[in-house]
Amino acid sequence: MIGGGAGMLMTPQPLVDAVRHIRNNDKNVHVVLLSPVAKKFCQNDAVRLAKKPHLVFVSGRYEGIDERVIESQVDEVFSIGDFVLTGGELASLVVCDAVSRHLEGVLGNEESLRGESFEENILEAPAFTKPDIFEKNYIISEYLKGNHSKITALKRALSLYKTQYFRPDLYRKVAQKASHNEK
């Protein structure tokens, strides 16, 4: 590694050759690199990337990949969080899983994609099984009554409480939007 510092970089030429070979065989390739020094990957990115016909993930190791490869061969760079891994393989798998959920047939039921966490910047409401095995007193009784409009309103309120507690950053966005809509 020129410029000093500990660690090893992947040399550029084999990666450039590999990506060019793939692009020569498929013009619809979208190349994604995972790195801790990038924009944080989010649900909207997963939905958008699922619409791409062909994704290629490039995963660095140790100190990463020569910057020239990133600048010349990579279409997008993402981070999965504010931490460092020894390589990008696990990060690539995380992104691949998040994207694949949005491909037809992967989940088996399209309804499974509705009401997920991070839609509208809120977390998903708590979920419960039927209480005949567990403590009945723990289940919110409104869930058991079958009034779907009340259940929907309750789930929305619980989602907001959960978001406020676990992700105040998202909750502030929701509160700002609500405040803006009231004006």
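The values are calculated or read from the model by the stated rules, or taken from the named source; none is laboratory data. Being a predicted model, the structure only gives us computed values, none of them experimental. Methodologically, a virtual Cβ is constructed for each residue, glycine included, from the backbone with ideal geometry; neighbour enumeration extends over all protein chains shown.
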Within region 111-133, is even one residue modelled with pLDDT under 85, among the aliphatic types (A, V, I, L, M) and under 23 Å from residue 53 (Cβ atoms)? yes
Closer than 26 Å to residue 121 by Cα, among the small types (Gly, Ala, Ser), assigned to a helix (DSSP H, G or I) and without any contact (Cβ under 8 Å) to a residue 60 or more places away in the chain: does that describe residue 38? no
What do you reckon, is residue 173 among the basic types (Lys, Arg), assigned to a helix (DSSP H, G or I) and either at pLDDT below 85 or over 24 Å from residue 39 (Cβ atoms) (or both)? no
Region 47-90: number of residues that are at negative phi, surrounded by fewer than 16 Cβ atoms within 10 Å (Cβ to Cβ) and touching a Gly at 6+ places or on another chain (Cβ under 7 Å): 3
What pairs come up if the first residue lies in region 154-169 and is assigned by TED's automatic domain parsing to the domain that holds residue 120, the second is of a type in the set (D, E, K, R), and their beta carbons are under 8 Å apart, counting only those six or more places apart or on different chains? 154/142; 159/124; 162/124
Hits in region 50-90 - residues which are under 17 Å from residue 26 (Cα atoms), in a loop (DSSP other than H, G, I, E, B) and of a type outside the set (A, V, I, L, M, F, W, C): 51, 52, 53, 75
Test for residue 178: is it at pLDDT below 85 and not in a helix (DSSP H, G or I): no
Among the residues of region 21-35, are any surrounded by fewer than 19 Cβ atoms within 10 Å (Cβ to Cβ) and touching a helix residue (DSSP H, G or I) at 6+ places or on another chain (Cβ under 6 Å)? yes
